[in-house]
Amino acid sequence: THKTRIFSGVQPTGNLHLGNYLGAIKRFVEMQADYECLYCVVDLHAITVFQDPDELTHNTREVTAAYIAAGIDPQQSTIFNQSQVSGHAELAWILNCVARIGWLNRMTQFKEKAGKDREKASAGLYIYPNLMAADVLLYHATHVPVGEDQKQHIELARDIAQKFNNDFAETIARAGYPGGFFPLPEPVIAGAATRVMSFRDGTKKMSKSDPSDLSRINMTDDEDTIAKKIRKAKTDPEPLPSEVDGLKERPEADNLVGIYAALAGTGKDAVLADFGGGEFSAFKKALVELATDKLTPIGDEMRRLLSDPVEIDRILADGAARAHNVADPILAKTKDIIGF
Ligand code: ADP
Ligand code: NA
């Protein structure tokens, strides 16, 4: 009964990388022709770890520029900044009271991000998954394109939606939603690069916070930098296999082949049909060319857009107004259902 609506977001925490592009932003672009899409710059999530205020302002504009430069049309899709739509924080509070502590304790990303000294992590980092559930449910979004690392959080959002629907079944039915008020959102994790790995260590995911700049390709890297990082990417001494099965136990090879496939819009099997049996050096040369071709125009366009911050802020304000139009009635209904 719920019509397909897409919601997803990226944190304005700097160092946007190839993983963010292939796992998220590129897929946002692909979905906008067929669905109603809301793409958020999730600054409330960013501050779960301290952010320098000036950098946060800049990084918010940078994610916005990346969205647009990658091909998201701000007329067609709603691009906005989370903190400008107060319903995210309001619904998050309500969901904090629905979610169970035991559920949060199972979240692997908190364990990774909090590190050894968990007591020193912000309370916000701990309840971050409830805010993420609110982000999606506030729009009655049904599908959430994300990288593999977010799967557990979307599952939690489903559990929270389900519990809310059960806890308030009576007033929900009275409000005219016999099938439940919040749709259970589905993660959309697809393509050849749902988990892009570090170029320095094939067992770690490519991430914004990796201290080694060689570990990731940034969306704003120039041609020479992209070429250098791919040339230096860790590999093993074997030639490429001719079948996808042969990539098992070879995380570095698997990663580079997946990246090539995702950038080319094909599958790993098609890439291996071309490069299987060959040396890495030849494959890397082709990957440099493909990555440069696909990424440098985006980086150039990001720089051009960022030279006019007033226009970016205007786009965000317009997006926030449109997001409000969708969110406000849903939040109002939520409050009715609770008895506020
Ligand atoms: P990060 O994880 O880099 O701090 P975000 O939490 O803002 O960035 O994630 C934005 C989107 O990028 C999410 O959908 C996430 O799953 C995706 N993503 C992040 N890192 C990777 C990666 N290495 N491979 C694939 N997708 C990724
Ligand atoms: Na992430």
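Taken together, the values in this text are just the output of simple stated rules run on the coordinates, not laboratory data. Every value quoted in this text rests on a predicted model; they were computed, and no experiment measured them. Counting neighbours? That spans all protein chains shown, and the Cβs are built from the backbone with ideal geometry, glycine included.
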Name every residue in region 136-156 that is part of a helix (DSSP H, G or I), touching a helix residue (DSSP H, G or I) at 6+ places or on another chain (Cβ under 9 Å) and away from ligand 2 (no atom under 13 Å from the Cβ), in order of residue number. Val136, Leu137, Leu156
Within region 189-206, take every residue that is surrounded by fewer than 18 Cβ atoms within 10 Å (Cβ to Cβ) and under 16 Å from the mean Cα position of the chain (by Cα) and give me the one that is nearest to ligand 2 (Cβ to nearest atom). Arg195
Find the residue count for region 22-62, including only residues that are under 23 Å from Tyr139 (Cβ atoms) and either aliphatic (A, V, I, L, M) or within 13 Å of ligand 2 (Cβ to nearest atom) (or both). 14
In region 9-21, the residues that are over 19 Å from Leu56 (Cα atoms) and within 12 Å of ligand 2 (Cβ to nearest atom): Gly19
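Conditions tested, residue by residue: (1) among the charged types (D, E, K, R); (2) without any contact (Cβ under 8 Å) to a residue 12 or more places away in the chain.
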residue	(1), (2)
Arg231	yes, no
Thr235	no, no
Pro239	no, no
Ser242	no, no
Ile259	no, no
Gly265	no, yes
Leu272	no, no
Ile298	no, no
Asn325	no, yes
